[in-house]
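As structure tokens, the structure follows; a few thoughts come after it.
Every read-out reported here was derived from the displayed coordinates using simple, explicitly stated rules and does not represent laboratory data. Just so it is clear, the model here is predicted, and its values are computed rather than measured. Cβ placement follows ideal geometry from the backbone for every residue including glycine, while neighbour counts extend to all protein chains displayed.
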Amino acid sequence: LIRFIRLWQKLGLSIDQTDDVLAALYPAADLPTGASDATDYALLDQGFLRLLPALGFLYQAMNLLGLATDSLASLLACWACHARR
């Protein structure tokens, strides 16, 4: 929860948009399993190490295309469809 709140505050997005970003960009292989706290912390660390560069690339693409954050949902939908292939 702390990671979510820090990311939300840093991005300046709405809570829903931050949740959408995490749902689209967070690698499924690094989702916490609930098996143990130590394992879950390691998976969160790995997941965020993959998420943050992807998020940077997303923002870079948005800047290059001149997109505002109100078009974030559409861009994330495209990203998520492409990532699942």
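Which whole-number percent is the relative contact order of the chain (Cα, under 8 Å, 6+ apart)?
On the way: 47 pairs, mean separation 25.5, N = 85.
Result for the chain is 30 percent.
Sticking with the crude label model, points 7 Å out along Cα→Cβ, report the distance from ALA54 to ASP19 in nm, one decimal please.
In this crude label model, ALA54 to ASP19 measures out at 1.9 nm.
Counting each DSSP H run of 4 or more residues in the chain as -39500 (n - 2.57), what helix-only mean residue ellipticity at 222 nm follows after dividing by all residues, to the nearest 500 deg cm²/dmol?
Numbers: 4 runs with 62 residues, N = 85.
Dividing the helical sum by the residues of the chain leaves -24000 deg cm²/dmol.
Give me the Å³ per residue figure for the convex hull around the C-alpha atoms of the chain.
Numbers: hull volume 8.0 nm³, N = 85.
About 94 Å³ per residue, rounded to a whole number.
Cα atoms only: what Rg and Dmax, in Å, come out for the range 32-75?
My reading of the Cα-based Rg and Dmax gives 14.9, 43 Å.
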